[in-house]
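Novice: The structure is given below, and queries will be raised subsequently.
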Amino acid sequence: MRIPLTIEALAPGGEGVGRHGELTVFVPWTAPGDRVVAEVPAPRPGAATAHGALVELSAPGEARVAPPCRHFGPGPSPDAACGGCEWLHVAYPLQLAAKERALHEALRRIGKLEPGSYPARPIVPSPSPLRYRARAKFHHDRAAGRLVFFRRRSHEPVRLRECHLLEPGLDALREAVGPALADARLSPREVALEWSEAAGRGAAWLLLPEVTAPVRARAEALLRAVPALQGLVLQAEGGQPATAGDPVLRHARAPGRPEAGTQRSRPDVFQQANRGANARLVETALDLLAPGGEDVLELHCGAGNFTGPLSERARSVSAVEVQGPALELARADLGGRNVRFFAGDALALARAFGRESGAAARRFGAALLDPPREGARGIGPALRDLGVPRAVYVSCDPATFARDLRACVEAGYRVAAVVPVDMFPQTHHVEGVALLER
């Protein structure tokens, strides 16, 4: 059925939300204030929600702006409806407000942390709402010889000619690598590209059916054909990575501030894609932690995103990460400083440190953790048993963030501050940073 709607808000999943009688309707490509016509499947009896498709924009709302990308939004072209971003049509201040609401709503609904029960600080915006990504993952469309994103909620390729989320150097690299892969007779299922503005070169990770001697030779040919590619990481499903050229890049830790130094990176190792916003994230977390002159435990240190700046403020850092390329990069960057690295499961090692006793027992004045999307289940008791008086928790997932903060509260901590950080403009994703104190 077709129904008229006025879009009232943005949902945490990225869609616009309107109401039709008692029915809450979610419609992609819409913005608050839009008056639209939506095609909605007949709801089941008693249903409270429905998902619709945008049929007509009857009148744009004040939140709507003109999207700059030819691939954004619905349309008859097979290269429309790109799933790479959701809010390119929404004014940036309204995106920030929606992300703030979404994070605090997750804390209320999942973490049982009511508004007003903790200090909520304003969201930290990205320095650039466009052209901010220094890395991205693509699919390889062999038929078109291009690197593509998929259309929203499908596996249909969008043959990208531009992407306004990518740094210009990365966008140019994407355009060059797609045809060069076809020429080199390489057929990766996925491709991750990374660009270093500091080096003016990039690197790629290729997920391949197999990595054999002929495949390695074709990879070397790809490097010769694309001078902007410094190196490759080649990996078969479930296999160990192999390299061609030098895939280790150096990024400025804080773009525009050379005194902050550089950090090693590799396209198969997690790094924040938005380098400018990442510098703000690190600064926010360390300002909350205030680790001056203390021994600090860092869990899930990765490739050392927080470890380097943390080591400049703390007396010592004990940094924990599973053994692998990320830990190798961190050690290469920060070995010889006041940092000691521990290879292993972060929560298991934290619990082991907490069981230590006697004069040799390790004790910390503060802790910092930045776990993956699944969070750090069990972190509350682990911090309590360590006797850590305060900790900063950095999260990329509001649901697991809320769950884990609740566990910390139940373990005797209070939430002393929460700061949302926007790492991914034009999408609904939001990071959270929380200070925990006993």
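The values are calculated or read from the model by the stated rules, or taken from the named source; none is laboratory data. Since this is a predicted model, take the numbers as computed values, not measurements. Neighbour counts run over all protein chains shown; Cβ positions are idealised from the backbone, glycine included. Side chains included, ligands, DNA and RNA excluded: accessible areas come from the protein's heavy atoms. Shrake-Rupley method; radii C 1.70, N 1.55, O 1.52, S 1.80 Å.
Novice: Out of curiosity, is Q272 open to solvent by less than 30 Å² (accessible area, probe 1.4 Å), in contact (Cβ under 8 Å) with a residue 60 or more places away in the chain and assigned to a loop (DSSP other than H, G, I, E, B)? Let's see the steps before the verdict.
Specialist: Numbers: open to solvent by less than 30 Å² (accessible area, probe 1.4 Å): yes; in contact (Cβ under 8 Å) with a residue 60 or more places away in the chain: yes; assigned to a loop (DSSP other than H, G, I, E, B): yes.
Yes: the conditions hold for Q272.
Novice: Same structure, new question: For the range 373-414, name all the residues that are of a type in the set (A, V, I, L, M) and either open to solvent by 10 Å² or more (accessible area, probe 1.4 Å) or in contact with a Lys or Arg (Cβ under 7 Å, 6 or more places away or on another chain) (or both). Can you show your working first?
Specialist: Step one: filter the range 373-414 for residues of a type in the set (A, V, I, L, M), giving 376, 379, 382-383, 386, 388, 391-392, 394, 399, 402, 405, 407, 409, 411.
Those that are of a type in the set (A, V, I, L, M) and either open to solvent by 10 Å² or more (accessible area, probe 1.4 Å) or in contact with a Lys or Arg (Cβ under 7 Å, 6 or more places away or on another chain) (or both): A382, A399, A407, V409, A411.
Novice: Continuing with this model, one more query. With small (G, A, S), within 30 Å of L166 (Cβ to Cβ) and surrounded by fewer than 21 Cβ atoms within 10 Å (Cβ to Cβ) as the only criterion, which of A9, A50 stands out? Don't jump to the end; show me each part of the working.
Specialist: Numbers: A50 fails: within 30 Å of L166 (Cβ to Cβ).
Within the list A9, A50, the selection yields A9.
Novice: Then there is this: Could you list all residues from the range 86-130 that are out of contact with any strand residue (DSSP E or B) (no Cβ under 7 Å at 6 or more places or on another chain), in a loop (DSSP other than H, G, I, E, B) and open to solvent by 70 Å² or more (accessible area, probe 1.4 Å)?
Specialist: K112, E114, P115, G116, S117, P122
Novice: For the condition without any contact (Cβ under 8 Å) to a residue 60 or more places away in the chain, open to solvent by less than 70 Å² (accessible area, probe 1.4 Å), among the basic types (K, R) and touching an Asp or Glu at 6+ places or on another chain (Cβ under 9 Å), what is the one hit in R19, R64?
Specialist: Working: R19 fails: open to solvent by less than 70 Å² (accessible area, probe 1.4 Å).
None of the others qualify; the one that does is R64.
Novice: Of the residues V65, V36, which single one is within 25 Å of the chain's Cα centre (by Cα), of a type outside the set (G, A, S), closer than 19 Å to A98 by Cβ and modelled with pLDDT of 95 or more?
Specialist: Numbers: V36 fails: within 25 Å of the chain's Cα centre (by Cα).
On inspection, the qualifying residue turns out to be V65.
Novice: Could you check the range 168-246 for strands (runs of 3 or more DSSP E) lying wholly inside it with 1 or more residues that are more than 21 Å from the chain's Cα centre (by Cα) and more than 30 Å from E259 (Cβ to Cβ)?
Specialist: Fully inside the range 168-246 and qualifying: 201-208, 229-236, 242-245.
Novice: Would you be able to tell me the number of residues in the range 132-165 that are in contact with a helix residue (DSSP H, G or I) (Cβ under 6 Å, 6 or more places away or on another chain), surrounded by fewer than 17 Cβ atoms within 10 Å (Cβ to Cβ) and of a type in the set (D, E, K, R)?
Specialist: Selection size over the range 132-165: 0.
Novice: Going by what's in this entry, would P258 be described as of a type outside the set (K, R), touching a helix residue (DSSP H, G or I) at 6+ places or on another chain (Cβ under 8 Å) and open to solvent by 20 Å² or more (accessible area, probe 1.4 Å)? Walk me through how you get there before you give the answer.
Specialist: On the way: of a type outside the set (K, R): yes; touching a helix residue (DSSP H, G or I) at 6+ places or on another chain (Cβ under 8 Å): no; open to solvent by 20 Å² or more (accessible area, probe 1.4 Å): yes.
Here the answer is no, as P258 does not meet what is asked.
Novice: Which condition number does T243 fail, the rest of (1) in contact (Cβ under 8 Å) with a residue 40 or more places away in the chain; (2) of a type in the set (S, T, Y); (3) surrounded by 15 or more Cβ atoms within 10 Å (Cβ to Cβ) being met?
Specialist: Every condition holds for T243 apart from (1).
Novice: Just checking, how many residues over the range 348-366 are buried (at least 21 other Cβ atoms within 10 Å of the Cβ) and either part of a loop (DSSP other than H, G, I, E, B) or touching a His at 6+ places or on another chain (Cβ under 8 Å) (or both)?
Specialist: The qualifying residues number 1.
Novice: Filter the range 270-324 down to residues that are touching a Ser or Thr at 6+ places or on another chain (Cβ under 7 Å) and polar (S, T, N, Q) and give me whichever is modelled with the lowest pLDDT.
Specialist: Q271
Novice: Let me ask another. Limited to the range 227-240, what total is found for residues that are among the small types (G, A, S), modelled with pLDDT of 95 or more and open to solvent by 30 Å² or more (accessible area, probe 1.4 Å)? It would help to see each step written out before you state the result.
Specialist: Within the range 227-240, the first condition is being among the small types (G, A, S), and the residues that meet it are 228, 231, 236, 238-239.
Okay, now just the ones that are also modelled with pLDDT of 95 or more, so 228, 231, 236.
Going one step further and asking which of them are open to solvent by 30 Å² or more (accessible area, probe 1.4 Å), we end up with 228.
So the answer is 1.
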